[in-house]
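Asks: Below is the structure I would like to discuss, written out as structure tokens.
The values are calculated or read from the model by the stated rules, or taken from the named source; none is laboratory data. Keep in mind that this is a model prediction, so the values were computed, not measured. Note that each Cβ is placed from the backbone with ideal geometry, even for glycine, and that neighbours are counted across all protein chains shown. Quick note on the areas: whole protein, heavy atoms, side chains included, nothing else; ligands and nucleic acids left out. Shrake-Rupley method; radii C 1.70, N 1.55, O 1.52, S 1.80 Å.
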Amino acid sequence: MKITHTKESRIKNVDFDNLSFGEIFTDHMFVCDYKDGVWNTPEIMPYQPIQMDPSSSVFHYGQAVFEGMKAYKDESNEVWLFRPDQNFERINKSSERLSMPTFPKELFFNGLEKLLSLDKEWIKKGTGNSLYIRPFVFASQAGVQASASNAYKFMIICSPVSSYYSSSEVHVQVAEKYSRAASGGVGFAKAAGNYAAQFYPTSLALKEGFQQIIWTDANTHEYLEEAGTMNIFFRINDTLVTTPTSDRILDGITRKSILRLSEHLGIKTDVRPITIHELLSAKKDGSLKEIFGAGTAVVVSPIKGFGYQNERYVLEDIEDSFAQKLKNHMVAIQTNAAEDPFGWRYPVNTTDSVSL
Ligand code: COI
């Protein structure tokens, strides 16, 4: 791997106490080009703009996928990733669905480890701090033929973050018209277009005072499937309910970790379809205790209320919140502040010499 160091770190200009999600990037980035059926030798270089032909396939047909992962620093300055094997497998699943080449495991892990070694000063310890890592792949071939590209770029960029949604009270609107995914589509993949398609409906919801949308199935708009860019959980009495994964639902790493952790903590889980009608009657009879989203960026995001058919519903505050309990446990495991009985934590060797 070719490594070019930045001449001067930008870290001294960063106000780590006032970070907005995904706005500032570290000093280096990882780039690997694919051409004529092979991935070339990867490179780590100073973070910088890239040159692209205006006809590049990604601009016209959106052939692009991404991942979201986080690195954490513990009290002894050790750096940890959380289940990175899962992100690696998922980016390749997403790539396959978008007709893109899969990326070799060794290049992924070597690149990630070297990048984190170079930019480890950007990973801050302390509650809520982490380095958000964004691996992504896109079609870079010039030409507007509407077919899979022959050239791709796999890149990794990193952004220091504290927490994602700033508003402490999240209200969501249940989708009655728009959809994020349909059966047979690309909803399970982290395809760039899945997110682009959410921006417009979300902007309409924002105007009505909601922060996010609860996505429902495209056929009937009855089944509650995801919350914004996250998987969704409902606490009905003392059971945690979440919808099963399918070709419409992202196989969230936080989602599956929460299910496993809940079992471990003795919280009953139920993975099954859930409809808006069930939600409304659970709200009415008082059995709906909590709703929360789960994803890499926020880990767990409690939802205070929801809107459906011009009615608004607000959840009571709860003392022994599952959302809070699960978030605390997850973050403690992620940051090496608690035992990891599942083997999820992955130590990053940042002492490996990268001074080329
Ligand atoms: C996640 O939380 O997992 C996400 O994908 C959020 C990202 C789109 C900012």
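Asks: Out of (1) open to solvent by 20 Å² or more (accessible area, probe 1.4 Å); (2) of a type outside the set (Gly, Ala, Ser); (3) closer than 16 Å to THR275 by Cα, the odd one out for PHE233 is which?
Replies: (1)
Asks: So which of ILE276, ILE236, ILE253 is at negative phi and without any contact (Cβ under 8 Å) to a residue 60 or more places away in the chain?
Replies: On inspection, the qualifying residue turns out to be ILE236.
Asks: Scan the stretch 88-99 for residues that are part of a helix (DSSP H, G or I) and open to solvent by 40 Å² or more (accessible area, probe 1.4 Å) and jot them down.
Replies: If the condition is that a residue be part of a helix (DSSP H, G or I) and open to solvent by 40 Å² or more (accessible area, probe 1.4 Å), then GLU89, LYS93, GLU96, ARG97 are the ones that fit.
Asks: Can you say whether VAL241 is farther than 22 Å from GLN309 by Cα and touching an Asp or Glu at 6+ places or on another chain (Cβ under 9 Å), as far as the supplied structure shows?
Replies: Answer is yes for this residue.
Asks: Same structure again: Please specify each residue of the stretch 285-318 satisfying the condition of being of a type in the set (D, E, K, R) and under 17 Å from LEU206 (Cβ atoms).
Replies: LYS304, ARG312 - these are the residues of the stretch 285-318 that are of a type in the set (D, E, K, R) and under 17 Å from LEU206 (Cβ atoms).
Let's see how each residue does on (1) within 24 Å of GLU106 (Cα to Cα); (2) open to solvent by 70 Å² or more (accessible area, probe 1.4 Å); (3) in contact (Cβ under 8 Å) with a residue 60 or more places away in the chain; (4) of a type in the set (Gly, Ala, Ser):
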{"position": "HIS5", "(1), (2), (3), (4)": "yes, yes, yes, no"}
{"position": "ARG10", "(1), (2), (3), (4)": "no, yes, no, no"}
{"position": "VAL14", "(1), (2), (3), (4)": "no, no, yes, no"}
{"position": "LYS35", "(1), (2), (3), (4)": "yes, yes, yes, no"}
{"position": "HIS60", "(1), (2), (3), (4)": "no, yes, yes, no"}
{"position": "PHE66", "(1), (2), (3), (4)": "yes, no, yes, no"}
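Asks: Out of the residues in the stretch 146-161 meeting the condition of being touching a residue at least 24 places away in the same chain (Cβ under 8 Å) and not hydrophobic (A, V, I, L, M, F, W, C), tell me which one is surrounded by the fewest Cβ atoms within 10 Å (Cβ to Cβ).
Replies: It comes out as ASN150.
Asks: Right, something else. Identify, please: which residue in the stretch 249-278 is away from the ligand (no atom under 16 Å from the Cβ) and among the charged types (D, E, K, R) and is, among those, surrounded by the fewest Cβ atoms within 10 Å (Cβ to Cβ)?
Replies: Ranking the qualifying residues of the stretch 249-278, first place goes to ARG272.
Asks: For a quick check of your reading: which strands (runs of 3 or more DSSP E) sit entirely within the stretch 1-87 and have at least 3 residues that are within 23 Å of the chain's Cα centre (by Cα) and more than 16 Å from the ligand (Cβ to nearest atom)?
Replies: In the stretch 1-87, 28-35 are the strands (runs of 3 or more DSSP E) which contain 3 or more residues that are within 23 Å of the chain's Cα centre (by Cα) and more than 16 Å from the ligand (Cβ to nearest atom).
Asks: Ok, one more. Filtering the stretch 175-207 down to residues that are open to solvent by less than 50 Å² (accessible area, probe 1.4 Å) and of a type in the set (Ser, Thr, Tyr), which residue is farthest from LEU224 (Cα to Cα)?
Replies: Applying the filter and picking the extreme gives SER203.
Asks: Would you call TYR308 without any contact (Cβ under 8 Å) to a residue 60 or more places away in the chain and of a type in the set (Phe, Trp, Tyr)?
Replies: no
For every residue, the table says whether it meets (1) more than 16 Å from the ligand (Cβ to nearest atom); (2) more than 20 Å from PHE66 (Cβ to Cβ); (3) among the hydrophobic types (A, V, I, L, M, F, W, C).
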residue	(1), (2), (3)
GLU176	yes, yes, no
SER179	yes, yes, no
ALA189	no, no, yes
ALA205	yes, yes, yes
VAL241	yes, yes, yes
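Asks: Restricting attention to the stretch 303-329, and to residues there that are surrounded by 15 or more Cβ atoms within 10 Å (Cβ to Cβ) and of a type in the set (D, E, K, R), which single residue is farthest from SER287 (Cα to Cα)?
Replies: So, considering only residues that are surrounded by 15 or more Cβ atoms within 10 Å (Cβ to Cβ) and of a type in the set (D, E, K, R), the one farthest from SER287 (Cα to Cα) is LYS327.
Asks: On the basis of being out of contact with any Asp or Glu (no Cβ under 7 Å at 6 or more places or on another chain) and in a helix (DSSP H, G or I), does LEU206 make the cut?
Replies: Yes.
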